[in-house]
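The values are calculated or read from the model by the stated rules, or taken from the named source; none is laboratory data. Please read all numbers here as calculations on a predicted model, not as lab measurements. For neighbour counting, all protein chains shown are included, and Cβ atoms are generated from backbone atoms with ideal geometry for every residue, glycine included.
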């Protein structure tokens, strides 16, 4: 992995299967990920898009690896902001690992080319921690965090 | 996640300094992290182990190097647990007060200051 990326992990009291569904299915992502959802068949090589409530595509790419419920790799490029799109594709790896009664979720997100001071990495790294906290809250308490329930107005 | 481990890890200024260094530049090796610090390599290594145990630092291999990455997720979880919750209760109380004050004038405003404290967030979105 290159230096210009990040690694986030969280431990969630759930099962790998439930966590996998929460990461991939619209009825879950909409709750803890500001109403966004993935549009894809989740097959290897399939096209992947991230959609927002007004029907626009914010990010797109393809499903690179899919091994339910352990590992998911997406090729991911922002389509929304020209300066982020210009940095090209990133690679986002989700790893799920059972540890006792918890599942360790690790997310590694990095650009394919090593861009110093990447705006893309800055943007996604600001987003992930709150999304992950909210995902944990949803799976452990049944409720996502207030801050991540709605797509921000006017964005 | 062990909350005690996070608080313990954050209680030490040297460890907070290491987190700040990773915030400025993520993905550093032990050697890079030691540079310019007034600590022995052993001490830095020990601090990093504690930070890793608290899940505030995550390591990944790159070739023969072990790179250290800042993981702010536990800090968010603590923020949610210790700040968000209380804040929400106050905000709920304020919005109820506002609603009551803006409604038709009545003798009893009907605000019960303890009503929102300690209750769970409402379901539904």
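A few points about this structure:
- The stretch B:52-84: number of residues that are free of Cβ contacts under 8 Å to residues at least 40 places away in the same chain and over 12 Å from residue B:19 (Cα atoms): 15
- Applying the set (1) modelled with pLDDT under 95; (2) more than 11 Å from chain B (Cβ to nearest Cβ) to residue A:96 leaves exactly one unmet item: (1).
- Taken over the stretch A:89-107, the criterion of being out of contact with any helix residue (DSSP H, G or I) (no Cβ under 7 Å at 6 or more places or on another chain) and more than 16 Å from residue A:57 (Cα to Cα) is satisfied by A:91, A:92, A:93, A:95, A:97, A:99, A:100, A:101, A:102, A:104, A:106.
- The numbered conditions (1) in contact with a strand residue (DSSP E or B) (Cβ under 7 Å, 6 or more places away or on another chain); (2) assigned to a helix (DSSP H, G or I) are all true for residue B:66 except (2).
- Leading residue by the ranking (nearest to the other protein chains (Cβ to nearest Cβ)) among those in the stretch B:17-51 that are surrounded by 15 or more Cβ atoms within 10 Å (Cβ to Cβ) and free of Cβ contacts under 8 Å to residues at least 12 places away in the same chain: B:32
- Among the residues of the stretch A:136-155, those identified as buried (at least 19 other Cβ atoms within 10 Å of the Cβ) and either more than 10 Å from every other protein chain (Cβ to nearest Cβ) or closer than 15 Å to residue B:72 by Cα (or both) are A:136, A:138, A:139, A:148.
- The stretch B:66-93 - residue that is surrounded by 16 or more Cβ atoms within 10 Å (Cβ to Cβ) and more than 9 Å from chain A (Cβ to nearest Cβ) and, of those, farthest from residue B:34 (Cα to Cα): B:93
- The conditions of being surrounded by fewer than 18 Cβ atoms within 10 Å (Cβ to Cβ) and either modelled with pLDDT under 95 or closer than 18 Å to residue A:127 by Cα (or both) are met by residue A:79.
- Enumeration of residues in the stretch A:41-89 that are under 27 Å from residue A:17 (Cα atoms) and in contact (Cβ under 8 Å) with a residue 40 or more places away in the chain: A:52, A:53, A:68, A:69, A:70, A:72
- Selected residue (criterion: farthest from residue A:9 (Cα to Cα)) from residues of the stretch B:69-86 that are assigned to a helix (DSSP H, G or I) and in contact with a helix residue (DSSP H, G or I) (Cβ under 7 Å, 6 or more places away or on another chain): B:80
- Residues being more than 14 Å from chain B (Cβ to nearest Cβ) and crowded, with 19+ Cβ neighbours inside 10 Å - total across the stretch A:1-22: 3
- Qualifying residue in the stretch A:113-133 (condition: modelled with pLDDT of 90 or more, facing chain B (nearest Cβ under 9 Å) and buried (at least 21 other Cβ atoms within 10 Å of the Cβ)): yes
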